[in-house]
Structure formats: structure tokens, C-alpha cells
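Asker: Sending over a structure as C-alpha cells; questions will come in a sec.
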Amino acid sequence: MVKILGISPESYLMTIVLVSLFVNIVISIYGILARPSLIKKIIALTILSDSANVLAIYVGFRRAVWYPKPPVVTKLKPSPEDIVEFTKYAVDPLPQALVLTAIVIGLAVTLFLVFLTLQIYRLYGTTDVRRIAKLRG
Amino acid sequence: MSWKVHAVIIATVTTAIIVFSLLIASRGLMISIPLDTPRTLALWYLRTTYTPWNRNFSAMAPEGVTAIVWDYRGLDTVFETCVLYFAIIASVAIMRDIVIKPGSIQQRELGLSIIAKTATRLIVPLIVVTACAIALHGHLTPGGGFQGGATAAVVTLLILIVFSYIFTVERGITKNKMLVLRSVGLLGIGLVSLAALIVALIYNVPKVYILQNQPKPIAPIGLPYRIGPSLVSGTLIMFNIFETLAVVAGFTLLYLLLSYPEEEVRRYMVEEMRAGETHG
Amino acid sequence: MMTLIPLILMAIAALASVIATYLAIIEKDLIKAAIFSALQSTAYAALFYLLMAPDIVLTYIPVAVGIYPAVLVFLIKKTERYEG
């Protein structure tokens, strides 16, 4: 790898991705805590869970080869040498399976929150948490 | 806060990210997060996912991620489907008892314009075909049960928006039918996970595991991994089909619950509050 | 130079997602916030593809670009449109 001023460009570009993921997490946590509308809180919660999923896939990437391949065997009748060649280039498949489960569970929770918000609006007439906190019973 | 303030903040944040990552990369701090050498667990999954010469230690599916989701860690996926089911049951419980009488909404021209209706009629079969292709090839290429189900759930959303809620209910897509279809899909998943057990009881094999796909050294019974020339991968294809059915029915149920007309719901809630006052 | 093109595209997608997240949280009109959230999900889908996870892309595009904005627009139509 060529180094410019002591930094290789590959590691610099990968670090940009990592830092921007953390900035996304910070902005969405601010959005959950500081915005008064229930619907804005739901939007920020979906952004937070998506950023955590991208972080999990980023950890499973493979840095030392150009260019890594998805974990799918492409020959229909492989020999043992083909499998060894496959393991030299493939990405880690375990974080992808866990992120699939995480996406489905996040979807279930968000859909239930949407129904709860709709029922709150029908009963109390507002979706502003400051006005809901002032109601008594 | 005007546009200029927001543009300045965005430019500042972007430059700060670029400069800060320059500082971090020059000190070599985050160099170890995507590793240089692969992990031992990842190598084990990649080496045993499709090896036809060694039938006792393989999942016989060329797609690594689907093999992990339904074979190596199949119990996780069964419980994830249960979590989605509990969310659907909770949403049905919130909107219980609201009945829309079909004659109470005026029969004006329902839905969007004729251009939107013709375009939807043309595009719905294409989406259904794509979703079936994604779901049925889940063990060979990227895809699978949930991917195909989520793509096919877009079809009902389109029909609900472009034509109207009354049109959909009159054509037979009602809440109760979707609940039955969802339960049929989950029953299918439960039965397929016991399939190796049933086959072992017929052939009198002493030891077998639940959710077992291929023969193992201790439990030498499994399901066939190919039928004729095509690759089927045991239980994976049946899991994908039943999961697609369950996901489509579940999402259609949620859209139907979300699109009740608001005047009807308001009338129902007012009647219920009045009945509550006279009773208690 | 050819070896850097996927990594440059990854960095551009990540920076675009930061801009879209900031605009989505700041916006007071909730329909525009839902559209910015869909834009951010598109940037994340490009990032998933470049990180070589095609299974996740096939799940993420119908869920985050199709289902979430549609359900949010249903909800906004039935409740309030402007925040605050």
C-alpha cells in the first residue's frame, strides 16, 4: 500500500466512514431527547437502529485484500481448492445474519409505536409531549 | 434559523469529520476494527457451507448467510418471527372491535385518477414475480424468505392507496383472512422444524435433533439436498416459502388496520363513550 | 488509483448520510423529515452494497425506503403535520 505523508489512503477513507457513523448516532440521540413531537422521535429512533446495523457490518469487512467478495459459493460443483480460494476473499457472514434479525425486530417495534401514537392522538388530541405531560389522568 | 445558518453548520460538520479522521488515521488508532486476518469462527462457517464430498459436516447450501439464518442458528430466526407476531397481535388488540359498515361511506368515485390505476395494474404482476424469484432462490443466491415477503408486501400497500380501502375489502382481502394466512405460515414453519424428527420416527433412527437439516456424525438422518439436477438444500427451501407467506399476510394485516377511515373511527369511539356513560 | 474507487464511493455515501440525518432532525415540516429519512436510507443501502452484503440490501430497501416512509405518511396525514 502506498503511503502519503505516513497515512495510507485506504485506512483514511475507511476512518471517514467510521467517524461519520458515530456522528449519525450522536445526532439521532439528540433528536430523540430534544424534539417535542412523537413522530420526530420515531424517525430518530429508526435512524439510530440503522446506524448501529451498519456499524456491525463494517466490523465484519475484510481489509487486506482487493477486492473482497460476498460469502456466496459461485461454482455448482466445487473442489477443495475452490473452497480454499473462496475463504481467501470472502467477507464474514455471521454479522450479516445477525443484522437481518435486528432489522426485522426493529421493524416490529416501530410499527407498534406507530399504532400507539395514533391511539394517543385519537384520545387526547395532540402528539406534543409537553402538552401530554400537562394533562392529569 | 434561516437557510444560511443550516448550510454553515453542515459545511462545518463535514470539514470537521474529514480533518478529525485525518488525525485518527495518522496515529493508527482505528486500524484494528475491520481486521486484517479473518476470524476463526468466520473461517469455520465459510469452509463448511457447501462441501459435497464431505456430507457429514456441511449445510449443503451455497449461500452462506441463508445457511446461518435457517440452519446453524435456526432457533434465532424462529424467535424473531415470534417477536413480529407479538407486535402484530398487540396492534390488532389496540384496534379491536372497530367495524366499518360498507354502506355508510358515500359511493363517490373512489381512489386516485385513471392514469394511476392503469399504471398500478401494469406494475403489480411484475412486483409479484420478482418477489417469488427472490424467495424461491434463497438458498442459491442472496435472497430468502423475509426479503421476498417484504418486496411482495409493497403490492398491497399500492392497491390500498391507489384504489381504495372499500375496493380492497370487497375483493376479499380482509383482516380475518390475513390472520388465518399468517397463522398457516407460522404453523408451516413449526412443522418443517420438526421434519427431521418425523423422518427419523419413520426410519427408526435412535438420535435426531430438532431443526436438523443434513446428516451429522451422531445423528445420521437428514433431508435430501437435491431433487434431480436442481439443488434444494433440505429444509431451507420450505422455510423460505412459509416465511414469505407469513410475512406478506402480516404486513397486509397492519396496512389494513392503519387505513380505517377516520370519520368511522370517531363515530365508533363516540358511541362507545356514550354507552359507557349510560352503563356505569 | 483503480483500487481506491470503491472506498471513495463509500466515503461519499457516508458523508451524504450525515447531511441527510442532520436535515431530517432539524426540519419542522414532518413530511419533509420523512423524505430526508428515506434519502438517508438510500445512502445506507449504497454503503451496505459496497461493504459486500447483498442479503442486507435486499431486506433494507423494501423496509427502509418503502415501508417506513409510507407508514409515516399515513400517520402524519391522520395526526398533525407541523411540529412544535
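Asker: Under a Cβ-only charge scheme (Lys and Arg +1, Asp and Glu -1), can you give me the dipole magnitude of segment A:1-125 about the Cα centre, in debye to the nearest 20?
Answerer: Approximately 300 debye in magnitude.
Asker: To the nearest 10 degrees, how steep is helix B:175-193 against the longest Cα principal axis of chain B, on a 0 to 90 scale?
Answerer: 10 degrees
Asker: Using modelled amide H (1.01 Å from N, peptide plane; none on Pro or chain starts), what sits under 5 Å from the amide H of residue A:69, excluding residues fewer than 5 places away?
Answerer: Under 5 Å from the amide H of residue A:69 lie the amide H atoms of A:90, A:91, each far enough along the sequence or on another chain.
Asker: Could I ask something else about it? Expected output is a single nm value to one decimal: the length gained when fully extending between residue B:219 and residue B:264, i.e. 0.36 nm times separation in residues minus the C-alpha distance. What is it?
Answerer: Full extension of this stretch gives 10.3 nm more.
Asker: Relative to the Cα centre, what is the charge dipole magnitude of chain B, using +1 at the beta carbon of each Lys and Arg, -1 at the beta carbon of each Asp and Glu, and rounding to the nearest 20 debye?
Answerer: 480 debye
Asker: Toward the positive end of the charge dipole of segment A:45-137, about the Cα centre and with charges on Cβ (Lys, Arg +1; Asp, Glu -1), which of A:46, A:74, A:99 goes farthest?
Answerer: Ranked along the dipole, the leading option is A:46.
Asker: Here is a further query. Loop only by DSSP, 12 or fewer other Cβ within 10 Å of the Cβ. Give me the GluC sites (Glu not before Pro) in segment B:75-184 that pass, ordered by residue number.
Answerer: Here the sparse-neighbourhood loop sites are B:109.
Asker: Could you work out the relative contact order of chain C, using alpha carbon pairs under 8 angstrom and six or more residues apart, expressed as a whole percent?
Answerer: 33 percent
Asker: In segment B:183-276, which chymotrypsin sites (Phe, Trp or Tyr not before Pro) fall in coil by DSSP and have 16 or fewer other Cβ atoms within 10 Å?
Answerer: Those satisfying the criteria are B:209.
Asker: Give me B:63, B:277 sorted ascending by neighbouring Cβ count inside 10 Å, so fewest comes first.
Answerer: Ascending number of Cβ neighbours within 10 Å: B:277, B:63.
Asker: Across peptide A:58-68, how many C-beta atoms of other chains are within 10 Å of each residue C-beta, on average?
Answerer: Counting other chains' Cβ atoms within 10 Å and averaging over A:58-68 gives 6.
Asker: If packing is taken as the mean number of other Cβ atoms within 10 Å per residue, what is the order of A:96-105, B:140-149, highest first?
Answerer: In decreasing order of mean packing, A:96-105, B:140-149 become B:140-149, A:96-105.
Asker: Run through segment B:150-179 and list the trypsin sites (Lys or Arg not before Pro) located in a DSSP loop whose Cβ has at most 12 other Cβ atoms within 10 Å.
Answerer: B:171
Asker: OK, next. How large is ³J(HN,Hα), in whole Hz, for each residue of segment A:21-38 in order, when computed from phi with the Karplus curve 6.51 cos²θ - 1.76 cosθ + 1.60 and θ = phi - 60°, using x for Gly and Pro?
Answerer: Whole-Hz 3J(HN,Hα) from phi for segment A:21-38: 5, 5, 5, 4, 4, 5, 5, 6, 5, 4, x, 5, 7, 9, 9, x, 9, 5.
Asker: Right, something else. So what's the gap between the Cα centers of segment B:111-168 and segment B:199-276, to the nearest angstrom?
Answerer: Spelled out, the Cα-based centre of one part sits 19 Å from the other.
Asker: Could you put A:51, B:193, A:8, A:79 in order, starting from the residue whose Cβ has the fewest other Cβ atoms within 10 Å?
Answerer: Least to most surrounded, the residues fall as A:79, A:8, B:193, A:51.
Asker: Starting with the fewest neighbours, write out B:279, B:137, B:6 ranked by other beta-carbon atoms found within 10 Å of each beta-carbon.
Answerer: B:279, B:6, B:137
Asker: When you look at the Cβ of every residue in B:65-72, what mean number of other chain Cβ atoms sits within 10 Å?
Answerer: Other-chain Cβ atoms within 10 Å of each residue's Cβ, averaged: 5.
The numbers here are math on the coordinates, done by the rules we state, and not lab data. Being a predicted model, the structure only gives us computed values, none of them experimental. All Cβ positions, even for glycine, are placed from backbone atoms using ideal geometry, and neighbour counts span all protein chains on display.
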